[in-house]
Amino acid sequence: MQACGVHDASLGVGRVAAMGLVPHARDVVRYVPFVGVEPVIQSDAPAFVIEFRGPVGIPLAHETALDPVCLYIGGGAGLYLTGGYTPDGGAPVTPLPDRSRPVMALPSPAP
């Protein structure tokens, strides 16, 4: 989570809905709502996926993401705004309409 910039409660650590290892990055679309053409997931490398529910602050970008996904693939991490975002003081921006519909679920974190 820290690699994706989510490292304390004020940024959304308490909003983790699910997380897990997907054996092949290209299968991430089966678990979380990606469009499916993102270059980062066009790989057979394993992907560690963290799915958030609700708003997650992104201070350096001056915005709040809704339901983002953190991916860690091959030593690199990124936070993907799969549910849209709201710039500080701005109107909400929605994601692309043709996102994948997940058919599988990542495991929920233990309480």
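Could you grab me the full set of residues in region 25-37 that are surrounded by fewer than 16 Cβ atoms within 10 Å (Cβ to Cβ), touching a helix residue (DSSP H, G or I) at 6+ places or on another chain (Cβ under 9 Å) and closer than 21 Å to THR94 by Cβ?
VAL35, GLY36, listed by residue number.
Only residues that are aliphatic (A, V, I, L, M) and either touching a residue at least 12 places away in the same chain (Cβ under 8 Å) or crowded, with 20+ Cβ neighbours inside 10 Å (or both): list them for region 62-92, please.
Across region 62-92, the qualifying residues are ALA65, LEU66, VAL69, LEU71, ILE73, ALA77, LEU79, LEU81.
Does ASP44 satisfy being modelled with pLDDT of 90 or more, in a loop (DSSP other than H, G, I, E, B), surrounded by fewer than 13 Cβ atoms within 10 Å (Cβ to Cβ) and over 13 Å from the mean Cα position of the chain (by Cα)?
It is true that ASP44 is modelled with pLDDT of 90 or more, in a loop (DSSP other than H, G, I, E, B), surrounded by fewer than 13 Cβ atoms within 10 Å (Cβ to Cβ) and over 13 Å from the mean Cα position of the chain (by Cα).
In this structure, does VAL49 turn out to be under 15 Å from PRO107 (Cα atoms) and free of Cβ contacts under 8 Å to residues at least 60 places away in the same chain?
Yes: the conditions hold for VAL49.
Residue-by-condition table, conditions (1) outside any strand (DSSP E or B); (2) at positive phi; (3) out of contact with any strand residue (DSSP E or B) (no Cβ under 6 Å at 6 or more places or on another chain):
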| site | (1), (2), (3) |
| --- | --- |
| GLY14 | yes, no, yes |
| VAL35 | yes, no, yes |
| GLU51 | no, no, no |
| THR82 | yes, no, no |
| THR86 | no, no, no |
| GLY89 | yes, yes, yes |
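Can you tell me which residues in region 61-81 are under 14 Å from VAL32 (Cα atoms) and modelled with pLDDT under 85?
The answer is none; no residue qualifies.
Go through the residues of region 51-60 one by one and say whether even a single one is loosely packed, with under 11 Cβ neighbours inside 10 Å and at pLDDT below 90.
So far as region 51-60 goes, yes, one or more of its residues are loosely packed, with under 11 Cβ neighbours inside 10 Å and at pLDDT below 90.
The values are calculated or read from the model by the stated rules, or taken from the named source; none is laboratory data. All values derive from a computational prediction rather than experimental measurement. Counting neighbours? That spans all protein chains shown, and the Cβs are built from the backbone with ideal geometry, glycine included.
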